[in-house]
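Shown next, in structure tokens, is the structure this report addresses.
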């Protein structure tokens, strides 16, 4: 008897990957989060060969990501990861705060199953959007045997949540990781190897249960030579 295909749950949060512009050449003035998750899946015909469930958690520009949305997202990820039939979870996201969400989920959940974030630098309405390939790659990583923990699938590679950073605001190769390099590279939609990293100890959802406005606030202050304020 043939084993059923692994089930992957796609959680949508908005971002450029779900953005639409006024024309196919509009790659800067678009509206982020305009398309629903069903439209994102429909734009990738190859996903019809995969076993997919989907739901929408948010429909925002990721620069507007906040603690309350993180709470909802973490709760939904934890719910689906706990389902025995689910192999992994994919999250569609915007690029501005993608590494922050990845780090948050890594520290709060440290999941034993793969949780893969993905995004795009061009909106879905662009002449050559990068979102569809990134989404397919994310599902491929989420289905991979031995995959676990939080990662980001982007531009043909998968990166661990630790050390990930956005390094360019326009190029499709927008992310880089630590000196260890990516945990996987995808070749023609195939994942030859996956180099898992330790998940670490989860802080747990209970640590995030307080109202979002009660979380400790940490400001990031940039400094430079000659700064006077």
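Since every read-out is calculated from the coordinates, none of them should be taken as a lab result. If you're wondering where the values come from, they're calculated on a predicted model, not measured in any experiment. Cβ: placed from backbone, ideal geometry, glycine included. Neighbour counts: every protein chain shown.
Sorting the segments 72-81, 168-177 by their residues' average number of neighbouring beta-carbon atoms within 10 angstrom, most packed first, yields 72-81, 168-177. Panel order for 54, 128, 24, 62, by other beta carbons found within 10 Å of each beta carbon, from fewest to most: 128, 24, 54, 62.
Taking the alpha carbon gyration tensor of segment 34-98, what are the square roots of 5 times its eigenvalues, largest first, to the nearest whole Å?
Working: eigenvalues 90, 62, 15 Å².
Gyration-tensor ellipsoid for segment 34-98: 21, 18, 9 Å.
If contacts are Cα pairs under 8 angstrom and at least 6 residues apart, what is the relative contact order of segment 7-214 in percent? Reported as a whole number, the value is 22 percent.
By DSSP, what percent of the beta bridges with both residues in the chain are antiparallel, rounded to the nearest 5? Write down the numbers at each step before the final one.
Values: 10 of 31 bridges.
Rounded to the nearest five, the antiparallel share is 30 percent.
Ellipticity at 222 nm from helices only: DSSP H runs of n ≥ 4 in the chain, each -39500 (n - 2.57), divided by the residue count, give -6000 deg cm²/dmol.
How would you rank 22, 178, going from fewest to most other Cβ atoms within 10 Å of each one's own Cβ? Walk me through the numbers on the way to the answer.
Values: 22 10, 178 13.
Neighbour counts put them in this order, fewest first: 22, 178.
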